[in-house]
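Engineer: Sharing a structure with you now.
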Amino acid sequence: MLRPKTLRAGLFLGGLAWVVATGAGLLAVHSYELTPGPTVEADRIWPAGSRLRFDPGRANLVVVAHPRCPCTRASFEELSQLIDRSQVPLAIHVLFYQPRTARGRWGPEDLHRRAAAIPGVEVLQDSGGEEAARFNAETSGSVLLYDRQRRLLFAGGITAARGRTGDNLGLEAVIAHLSGSTAQATAPVFGCSLRNLSDSPEEREK
């Protein structure tokens, strides 16, 4: 039979181990949320071979989205904030990744409806991520802003972390550029890798 002191010590050590394990798990989740994808190394000029219709009458914003990435909804929330706050004519192009074998719209229908509801938006189903590759965008949530002369002003993300909304440098930078102010040209992109998601057996079968 265990002595009271031995029993208390065992309970204490067991509780301590649980706290450490729980803390490590929470730290890992927090670290993942704050880990950005690759930097968007886009060309300084709108790609000549793009299938998107560039509008020379206003600034053009390209949004790259994987419909099965859980971070995409946060990017769309911040996109809504951008539209509401900028008050500047803006041509928005949404690239929805889809597997090469998919037919029609792929992924959660509400995301497609939300994108289609943006006034004047162009939505493109991006088979195999070919169009995103023209903009050198590898991560869902990548946003690229071009001026009327097709010059790149900003390439990066507009969320605070993976799946999180709120104040962030990317959103503020895009709004500043649209107002004619000087602002940073990039910000971290917090989202899923288009390549990793598209290459997984689970995604190919969906």
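Engineer: For residues that are at pLDDT 95 or above and over 21 Å from Glu130 (Cα atoms), scanning just region 56-73, find the one that is surrounded by the fewest Cβ atoms within 10 Å (Cβ to Cβ).
Structural biologist: Gly57
Engineer: Within region 146-161, is there a residue that is surrounded by fewer than 16 Cβ atoms within 10 Å (Cβ to Cβ), at pLDDT below 95 and touching a helix residue (DSSP H, G or I) at 6+ places or on another chain (Cβ under 8 Å)?
Structural biologist: Taking every residue of region 146-161 in turn, none turns out to be surrounded by fewer than 16 Cβ atoms within 10 Å (Cβ to Cβ), at pLDDT below 95 and touching a helix residue (DSSP H, G or I) at 6+ places or on another chain (Cβ under 8 Å).
Engineer: Moving on to the next point. What number of residues in region 133-172 are in contact (Cβ under 8 Å) with a residue 60 or more places away in the chain and assigned to a strand (DSSP E or B)?
Structural biologist: 12
Engineer: Consider only pairs whose beta carbons are under 6 Å apart and that are at least six residues apart or on different chains; among these, list those whose first residue lies in region 76-100 and is closer than 16 Å to Gly141 by Cβ and whose second residue is small (Gly, Ala, Ser) and surrounded by 17 or more Cβ atoms within 10 Å (Cβ to Cβ).
Structural biologist: Matching pairs, first to second residue: Val94/Ala115; Leu95/Ala132; Phe96/Ala65; Tyr97/Gly129.
Engineer: Is there a residue being under 17 Å from the mean Cα position of the chain (by Cα), in a helix (DSSP H, G or I) and crowded, with 16+ Cβ neighbours inside 10 Å anywhere in region 117-132?
Structural biologist: yes
Engineer: Take Ala137 and decide whether it is of a type in the set (A, V, I, L, M) and at pLDDT below 90.
Structural biologist: Values: of a type in the set (A, V, I, L, M): yes; at pLDDT below 90: no.
When the stated conditions are applied, Ala137 does not pass them.
Engineer: Just give me the residues in region 90-108 being within 25 Å of Arg148 (Cβ to Cβ) and either of a type in the set (Lys, Arg) or in a loop (DSSP other than H, G, I, E, B) (or both), in sequence order.
Structural biologist: The initial filter retains those residues of region 90-108 that are within 25 Å of Arg148 (Cβ to Cβ), namely 90-95.
Residues satisfying the conditions do not exist here.
The values are calculated or read from the model by the stated rules, or taken from the named source; none is laboratory data. Here the structure is a predicted model, which means the values were calculated and not measured. Quick reminder, even Gly has a Cβ in these numbers, built from the backbone with ideal geometry, and neighbours come from all protein chains shown.
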